[in-house]
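Encoded as structure tokens, the structure appears first; notes follow it.
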Amino acid sequence: MTITVYGSPLSPFVRKVRVMLAEKRLEYNLDPVSPFAPPPGFGDISPLKRIPVMRDDSEGPDAVLADSSAICAYLERKHSAPALYPSKAFDYGRALWFEEYADSDFVATTGLGMFRPVVVNRLMKKDADMALATDTWENKVPRFLEYYERELGTRSHFVGDSFGIADIAVASPFVNVAHAGFAPDTARYPNLVRFLRATLARPSFATCIESERKALASLGLDYAL
Ligand SMILES: N[C@@H](CCC(=O)N[C@@H](CS)C(=O)NCC(=O)O)C(=O)O
């Protein structure tokens, strides 16, 4: 096994990379590094001190990449089948846009406003701040859900006709939202809910979610999706 992924499986960015690896049928080791208690020298392989980092020994002893988007793009270039990025130029740009939108504003909003106050608080043996999570869900998240619902329409994938990086990036943070006990309303966001159910049922996602739920089982949280 030549690939090692460093990072907590609860990170939406680590999950994105793990799903990418599973879809490409690549084996890897997972080293569950926490960015808040990193091992000595972690800053040498992750200058931003963030997770995930990926090491690929098949590329030499210093072959590390420290960003989920860089890692996914690398994996696609090195292991082209199955293709998870569109081949048409505009579709390619659009897929990268959905990845960026999810990775930046959506993860920041739901991570700080929902996952941290509920799941991270519970992991730290503190009470969940459900008031903050509910306020974020009701007042800050709808604009994302409305955008996703509109852009997806009745299609199965965010870009083109096949599963790919846009779908992975959009779906991954919804697992964190679900760990915190929230899921989009089926009546209000039927397309998005249909997409999330189908995407998160893929073995690549389902395997991650199952082990994450086991790890969180003792916290008394209700997974919502
Ligand atoms: N753009 C980066 C973002 C990675 C990121 O922010 N990871 C979070 C964990 S979910 C982290 O390491 N946070 C620690 C910190 O910002 O100090 C990527 O896509 O990998």
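The values are calculated or read from the model by the stated rules, or taken from the named source; none is laboratory data. None of the values given here were measured: they were computed from a predicted structure. Cβ sites come from the backbone with ideal geometry, for glycine too, and all protein chains shown count toward neighbours. The protein model used for the area step is the full one, side chains on, heavy atoms only, and it has no ligands, DNA or RNA in it. Shrake-Rupley method; radii C 1.70, N 1.55, O 1.52, S 1.80 Å.
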In segment 198-225, residue most open to solvent (accessible area, probe 1.4 Å) [restricted to those that are under 17 Å from VAL19 (Cβ atoms) and among the acidic types (Asp, Glu)]: GLU210
Given (1) of a type in the set (Lys, Arg); (2) more than 26 Å from GLU100 (Cβ to Cβ); (3) assigned to a loop (DSSP other than H, G, I, E, B), number of the condition ARG188 does not satisfy: (2)
Test: residue in segment 21-28 that is more than 15 Å from the ligand (Cβ to nearest atom), open to solvent by less than 60 Å² (accessible area, probe 1.4 Å) and among the hydroxyl-bearing types (Ser, Thr, Tyr): yes
Failed criterion for VAL33 (all others in (1) open to solvent by 30 Å² or more (accessible area, probe 1.4 Å); (2) more than 28 Å from HIS157 (Cα to Cα); (3) within 12 Å of the ligand (Cβ to nearest atom); (4) not aromatic (Phe, Trp, Tyr) hold): (1)
Breaking point among (1) part of a helix (DSSP H, G or I); (2) open to solvent by 20 Å² or more (accessible area, probe 1.4 Å), for PHE195: (2)
Subset of segment 59-75 [open to solvent by less than 40 Å² (accessible area, probe 1.4 Å) and away from the ligand (no atom under 11 Å from the Cβ)]: GLY60, ALA63, LEU75
Residues (more than 9 Å from the ligand (Cβ to nearest atom) and either under 18 Å from the mean Cα position of the chain (by Cα) or not acidic (Asp, Glu) (or both)) located in segment 39-58: PRO39, PRO40, GLY41, PHE42, GLY43, ILE45, PRO47, MET54, ARG55, SER58
The lone exception for ALA206 - which of (1) part of a loop (DSSP other than H, G, I, E, B); (2) within 14 Å of the chain's Cα centre (by Cα) it fails: (1)
Selection from segment 1-20 of residues that are touching a helix residue (DSSP H, G or I) at 6+ places or on another chain (Cβ under 7 Å), more than 12 Å from the ligand (Cβ to nearest atom) and open to solvent by 20 Å² or more (accessible area, probe 1.4 Å): THR2, ARG18
Complete set of residues in segment 208-225 that are touching a residue at least 40 places away in the same chain (Cβ under 8 Å) and either in contact with an Asp or Glu (Cβ under 7 Å, 6 or more places away or on another chain) or among the charged types (D, E, K, R) (or both): GLU212, ASP222
Exclusive hit being within 16 Å of the ligand (Cβ to nearest atom), farther than 21 Å from TYR85 by Cα and open to solvent by less than 30 Å² (accessible area, probe 1.4 Å), set PHE182, PHE115: PHE115
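Conditions tested, residue by residue: (1) among the hydroxyl-bearing types (Ser, Thr, Tyr); (2) at pLDDT below 95; (3) not assigned by TED's automatic domain parsing to the domain that holds ALA22.
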position: ASP62; (1), (2), (3): no, yes, no
position: SER69; (1), (2), (3): yes, no, no
position: LEU112; (1), (2), (3): no, no, yes
position: LEU123; (1), (2), (3): no, no, yes
position: MET130; (1), (2), (3): no, no, yes
ALA95, sole failed condition from (1) within 16 Å of the ligand (Cβ to nearest atom); (2) among the small types (Gly, Ala, Ser); (3) outside the structural domain of SER162 (by TED's automatic domain parsing); (4) touching a residue at least 40 places away in the same chain (Cβ under 8 Å): (3)
Selection within segment 144-166 - out of contact with any Pro (no Cβ under 9 Å at 6 or more places or on another chain) and under 12 Å from TYR101 (Cα atoms): PHE144, TYR147
